[in-house]
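Colleague: Got a structure here, written out as structure tokens. Questions coming.
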Amino acid sequence: MAGLRQPFNASQFLNGMLAFIKNSPTPYHASQSLCALLDEQGFRRLSETEEWHLQEGDQCYVTRNGTSVIAFRFGSNSKPTHGMRLVGAHLDSPCLKLNPKANFEKHGYRIANVEVYGSSLLRTWFDRDLAIAGRIFVRNADGTIRNVLVDSKAPVAVIPSIAIHLERQANKIQEIDSQVHINPVLLNHSGDCETLPQQLLNSADGQVEVEDILGFDLRFYDSNPPNLIGSEGEKSNSIELISDCSNQYISSARIDNLLSCYAGVQALIDASDDNFCVLVASDHEEVGSVSDSGAQGRFLLQVLERIGALDPKVIRNSAMLSADGAHGLHPNYPENHNKQHRPVLNKGPVIKVNSNQRYATSDETEAVIRGLCTGMNIPVQVFVSRNDQPCGTTIGPLVASEIGIRTVDVGVAQFAMHSIRELAGCDDAVYFLKLLKAFYDSDSVSLVD
């Protein structure tokens, strides 16, 4: 099995991941960041509307809707007929999206009307310094239409909690009315939701000059950058530089699932030439993946068809690793976990198993991953939900059922999944990168005919 082609530097990898998460407040920005990493490594960008002329040794990528990315490497020693190694992740995270008509006032305050995207842990959005970012479509003076990525970076709003003196039951479990209680209060010095898109355009690089704003997708996010817990490193650009990653922790927004995306692209970049390797970073996983760019759409199928990878012989020689976050054992809520399956942070990647196919792991694909982990000296854990507690799902079952590819669900254990701020282990991120690299480089992913 081939090792990492470049000398591996865990600190460099983790610092890069923190910067990637910080610079990716929305799927649009995450896609842009992924594409920039691929461009730096000589990957060729393809267009869905043009003919593709591919040959052995090519490394290419294609995007859809400015979010979902599919990248692949044929490898000079590989052919699609030998099967592919596919890693799948998603770029989106739960958030609060600004509605098209978002402006209203309450008791002298400017309020932003928002819609909840995904299954967000809403109580964590209170008392955060909220910035806003996304994409705006504009019409130029000459009538042409284009889109602009924007990011306030600085906080513009907050959702204040009710003081304990005014609500004595506030520390007891209370229902949060998503229509009433989570509308951010705008605190920027001028303007309101009607003028906010124009303000964002004005602050964009190059002072964007437009005739009209035609549409936007703007999302609030926690403006505080990723931080490390347990580190003694230096601070640089508001991100702590890691010098010794052992037994440290990452506190950040959007760990689910930008950690997997970054590990996936780094593993693809460094994969050997022995296999046909594919990376899929999909949008809309948090809302069911039912879209033209989601995993339940036809984007992946159409790309695989164009590169000659949908032949049944190819598929049966192939495997997919669905890379998505896993639930680490919460020490204050151990009863919410299956007693025999309690992953711990910084103790290795987690194989996720569900007999009702909410995860796509089979006994065969679990065996493949365990074999890779043994060969690379990577500790491995298993997560199974309680019988009385339905688990979440990933893009794994969707792709497995649509394409017929054997699939395993694996992820990094984390606390507070779908919170505005999550926690994961640095050791686990490094283990996960090494596992993805070993998966891309594996000689065989088939144990059953």
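Colleague: Has the stretch 196-217 got at least one residue that is surrounded by 20 or more Cβ atoms within 10 Å (Cβ to Cβ), under 23 Å from Leu121 (Cβ atoms), at pLDDT 90 or above and not hydroxyl-bearing (Ser, Thr, Tyr)?
Modeller: First pass over the stretch 196-217, keeping only residues surrounded by 20 or more Cβ atoms within 10 Å (Cβ to Cβ): 196-197, 200, 216.
Narrowing further to those that are under 23 Å from Leu121 (Cβ atoms): none.
No; the residues of the stretch 196-217 include none that is surrounded by 20 or more Cβ atoms within 10 Å (Cβ to Cβ), under 23 Å from Leu121 (Cβ atoms), at pLDDT 90 or above and not hydroxyl-bearing (Ser, Thr, Tyr).
Colleague: Filtering the stretch 242-285 down to residues that are of a type in the set (A, V, I, L, M, F, W, C) and assigned to a loop (DSSP other than H, G, I, E, B), which residue is modelled with the lowest pLDDT?
Modeller: Ile242
Colleague: So, in the stretch 113-158, exactly how many residues are touching a helix residue (DSSP H, G or I) at 6+ places or on another chain (Cβ under 9 Å) and at positive phi?
Modeller: Result for the stretch 113-158: 3.
Colleague: Search the stretch 296-310 for residues being out of contact with any Ser or Thr (no Cβ under 7 Å at 6 or more places or on another chain) and part of a loop (DSSP other than H, G, I, E, B), and hand back the single one that is surrounded by the most Cβ atoms within 10 Å (Cβ to Cβ). Full working, then the answer.
Modeller: Of the stretch 296-310, the ones out of contact with any Ser or Thr (no Cβ under 7 Å at 6 or more places or on another chain) are 298, 300-310.
Imposing the further condition that a residue be part of a loop (DSSP other than H, G, I, E, B) reduces the set to 298, 307-310.
Details: Arg298: 12, Ile307: 21, Gly308: 14, Ala309: 23, Leu310: 16.
Among those that are out of contact with any Ser or Thr (no Cβ under 7 Å at 6 or more places or on another chain) and part of a loop (DSSP other than H, G, I, E, B), it is Ala309.
Colleague: Kindly establish whether Lys352 is surrounded by 14 or more Cβ atoms within 10 Å (Cβ to Cβ), on the phi < 0 side of the Ramachandran plot and charged (D, E, K, R).
Modeller: So Lys352 fits the description; yes.
Colleague: Another question about this same structure. Would you confirm whether or not the stretch 369-392 contains a residue that is closer than 14 Å to Met320 by Cα, in a helix (DSSP H, G or I) and in contact with a Lys or Arg (Cβ under 9 Å, 6 or more places away or on another chain)?
Modeller: Scanning the stretch 369-392, I find no residue that is closer than 14 Å to Met320 by Cα, in a helix (DSSP H, G or I) and in contact with a Lys or Arg (Cβ under 9 Å, 6 or more places away or on another chain), so the answer is no.
Colleague: Related question: Anything in the stretch 1-56 that is more than 13 Å from Asp270 (Cβ to Cβ), modelled with pLDDT under 95 and not in a loop (DSSP other than H, G, I, E, B)? List them, or say none.
Modeller: Answer for the stretch 1-56, where residues must be more than 13 Å from Asp270 (Cβ to Cβ), modelled with pLDDT under 95 and not in a loop (DSSP other than H, G, I, E, B): Ala10, Ser11, Leu14, Asn15.
Colleague: With the structure loaded, tell me whether Gln340 is surrounded by fewer than 18 Cβ atoms within 10 Å (Cβ to Cβ) and at positive phi or whether it fails that test.
Modeller: no
The values are calculated or read from the model by the stated rules, or taken from the named source; none is laboratory data. Because the structure is a prediction, the values reported are computed rather than measured. In this analysis, Cβ positions are derived from the backbone assuming ideal geometry, glycine residues included, and neighbour counts consider all displayed protein chains.
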